[in-house]
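The structure appears below as structure tokens.
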């Protein structure tokens with residue numbers, strides 16, 4: 001088996017992010033010159049996303065109430081049998097009288113701190129769950145787009161580096177998706193932005209999640225002639241600020 005043939009067999013492992021760094025780099029160089037592998041990677045990525053969405057389990061809503069309700073009543077450290085606080089060993093009664101006050105104050109402080117931490121963790125979990133739900137829905141929509149009867153694809157290599165992009169579109173659904181692999185890493189504060197090409201006028205269609213990945217484009221096809229990708233400040237721009245690094249026509 002030749003080296004090129006070996007690379008053709010790595011599409012599934014690449015889509016699952018299961019390749020070692022050296023193999024991933026070699027495959028991305030190959031991917032930039034092989035539209036067949038780019039299409040296969042796109043299909044694997046969509047399938048894996050749908051499988052992941054099917055296995056997602058949402059925590060029960062009553063979990064937060066149970067956690068917050070139990071924080072103040074759960075002992076953090078068990079008392080040590082026979083231990084006396086530091087001080088005058090000849091006057092243990094004084095410490096025994098004061099100890100409940102100290103313990104109560106410490107318990108209140110710990111409960112307050114843990115309660116705040118639990119709320120923060122819950123808020124982070126809610127944000128993560130909401131983001132995951134949006135991503136799962138988008139990946140499901142992208143999988144549906146890939147299986148549309150009139151779905152078509154086009155693949156092109158970036159003008160710089162070894163990056164490759166594939167656009168999938170369906171006239172019947174009026175939607176398009178984009179998959180990228182091996183795009184050059186950008187400096188902090190910059191991102192890749194995707195645009196619909198409306199007869200020379202560029203319409204924002206979304207931000208790439210990184211140097212590789214998939215994205216269901218924002219907005220309808222609405223007669224667009226293709227898509228373009230530019231490098232923009234983090235957060236995106238209302239209009240392209242530079243020359244496209246990738247152009248893909250709907251042909």
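The values are calculated or read from the model by the stated rules, or taken from the named source; none is laboratory data. Because the structure is a prediction, the values reported are computed rather than measured. Cβ placement follows ideal geometry from the backbone for every residue including glycine, while neighbour counts extend to all protein chains displayed.
Within region 194-216, how many residues are part of a strand (DSSP E or B) and either at pLDDT 90 or above or farther than 17 Å from residue 158 by Cβ (or both)?
The qualifying residues number 13.
Give the residue, chosen from 228, 219, that is within 22 Å of residue 152 (Cβ to Cβ), in a loop (DSSP other than H, G, I, E, B) and at pLDDT below 95.
None of the other options fit; the residue is 219.
Pick from region 162-185 the residues that are over 19 Å from the mean Cα position of the chain (by Cα) and assigned to a loop (DSSP other than H, G, I, E, B): which of them is surrounded by the most Cβ atoms within 10 Å (Cβ to Cβ)?
Filtering first and then ranking leaves 163.
Is it the case, given these coordinates, that residue 188 is farther than 20 Å from residue 34 by Cα, assigned to a loop (DSSP other than H, G, I, E, B) and out of contact with any strand residue (DSSP E or B) (no Cβ under 8 Å at 6 or more places or on another chain)?
So residue 188 passes the test.
Please state which one of 21, 38, 26 is surrounded by 17 or more Cβ atoms within 10 Å (Cβ to Cβ) and at pLDDT 75 or above.
None of the other options fit; the residue is 38.
Please go through region 158-190 and pick out each residue that is closer than 19 Å to residue 19 by Cβ and touching a residue at least 24 places away in the same chain (Cβ under 8 Å).
162, 163, 164, 166, 179, 180, 181, 182, 183, 184, 185
Please state which of the following conditions residue 144 fails to meet, knowing it meets all the rest: (1) at pLDDT 75 or above; (2) closer than 27 Å to residue 192 by Cα; (3) out of contact with any strand residue (DSSP E or B) (no Cβ under 8 Å at 6 or more places or on another chain); (4) outside any helix (DSSP H, G or I).
Just one mismatch for residue 144, condition (4).
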